[in-house]
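Input: a single structure, listed below in structure tokens.
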Amino acid sequence: MGVYGLSSNNNTRKMAFEIAEKLLDYGEEPVFLCVGNSNVVGDMYGAMVGDILKDETRLKGRVFGALNDNVRASNLYDTWAEIKNKFPLSPIVIIDSALTDENQVGYVKFCPYGCIPNATQNNKIMGNLSILAMVNSVGISQLMFLKSVKYTMVKDMAQFTAKSILESLKLYDTIKCNFTKFSSNKTHMSVGY
């Protein structure tokens, strides 16, 4: 599990490597479930990431949630069911905002396991992997703390995350392609005596 600051391009690559490594464990193309409410600044991170990812041709149909098509409490379980129906073997990557302690605000965390999206009401862990933006510190009123987040910080976190994901998919493709070539060459080798 890595926690990444936005200040370094090197962190984009590090997170991309970590994501690609975990995706290879599943062997199927991932689906991205971008949870967020575009009416609340601190909760729009997932939807912003979804917008950026939906522009990528190879991800058409594999990104759920965007600024104009929010996935939140009212439709999370229906969206989950749709994903499981369309992509039963694909790993699901949950992308969501999170509240944390003060010293991690502004960081993005990659977790090699699912999470409990803010939109869930029964504390059910969802997904195989998760990417969380630490948008503000934990307080008495979650909604108040989500509303007091700076838009530019959320936008920067979304861009950092999307760039890391897109790099990770390139790495994933390269490694899978090289592994396939290696496996294919290995089966065609003959042993001479």
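Is it the case that F182 is at pLDDT below 70 and open to solvent by 80 Å² or more (accessible area, probe 1.4 Å)?
On the way: at pLDDT below 70: yes; open to solvent by 80 Å² or more (accessible area, probe 1.4 Å): yes.
It is true that F182 is at pLDDT below 70 and open to solvent by 80 Å² or more (accessible area, probe 1.4 Å).
Quick one: M153 ticks every box in (1) modelled with pLDDT of 80 or more; (2) hydrophobic (A, V, I, L, M, F, W, C); (3) part of a loop (DSSP other than H, G, I, E, B) except a single one, so which number is it?
(3)
Write out, first by first residue and then by second, each pair whose Cβ atoms fall under 6 Å of each other, whose residues are 6+ apart or on separate chains, and whose first residue, in the range 47-62, is within 10 Å of A162 (Cβ to Cβ) and of a type outside the set (K, R) while the second is in a helix (DSSP H, G or I) and open to solvent by less than 60 Å² (accessible area, probe 1.4 Å).
M48/A158; V49/A158; V49/T161; V49/A162; I52/A162; L53/L59; L53/A162
Is there any pair with a first residue in the range 23-37 that is over 25 Å from S97 (Cα atoms) and modelled with pLDDT under 95 and a second that is in a loop (DSSP other than H, G, I, E, B) and open to solvent by less than 30 Å² (accessible area, probe 1.4 Å) whose Cβ atoms are under 7 Å apart and which are 6 or more apart or on different chains, and what are they?
Filtered contacts from the range 23-37: E28/S90; E28/P91.
Looking only at residues that are open to solvent by less than 10 Å² (accessible area, probe 1.4 Å) and within 12 Å of the chain's Cα centre (by Cα) in the range 120-139, which one is modelled with the lowest pLDDT? So that I can check it myself, show each step before the final result.
Within the range 120-139, the subset open to solvent by less than 10 Å² (accessible area, probe 1.4 Å) is 126, 129-131, 133-135.
Then drop every residue that is not within 12 Å of the chain's Cα centre (by Cα), which leaves 129-131, 133.
On the way: L129: 97, S130: 97, I131: 97, A133: 94.
Result: A133.
N75 passes all but one of (1) under 19 Å from P112 (Cβ atoms); (2) at pLDDT 90 or above; which number fails?
So the condition that N75 fails would be (1).
Step by step: first the residues of the range 44-82, then only those that are part of a loop (DSSP other than H, G, I, E, B) and among the aliphatic types (A, V, I, L, M), then the one that is least open to solvent (accessible area, probe 1.4 Å). Which residue is that?
Within the range 44-82, the match that is least open to solvent (accessible area, probe 1.4 Å) is M44.
Of all residues in the range 18-43, count the ones that are within 22 Å of M153 (Cβ to Cβ), open to solvent by 20 Å² or more (accessible area, probe 1.4 Å), of a type outside the set (G, A, S) and assigned to a loop (DSSP other than H, G, I, E, B).
2
Which condition does G2 not pass, out of (1) at pLDDT below 90; (2) open to solvent by 40 Å² or more (accessible area, probe 1.4 Å), if it passes all the others?
With respect to (1) at pLDDT below 90; (2) open to solvent by 40 Å² or more (accessible area, probe 1.4 Å), G2 is out only on (2).
What pairs come out if I take residues in the range 68-88 that are at positive phi and pair them with residues that are in a helix (DSSP H, G or I) and among the β-branched types (V, I, T) whose C-beta lies under 6 Å away, six or more apart or interchain?
That search, which allows pairs on different chains as well, returns nothing.
The values are calculated or read from the model by the stated rules, or taken from the named source; none is laboratory data. Quick caveat, the model's predicted, so the values are computed rather than measured. Because the Cβ atoms are built from the backbone with ideal geometry, glycine has one as well, and the counts that use them run over all protein chains shown. Each accessible area value is taken on the protein alone, full model and side chains, heavy atoms only, with ligands, DNA and RNA left out. Shrake-Rupley method; radii C 1.70, N 1.55, O 1.52, S 1.80 Å.
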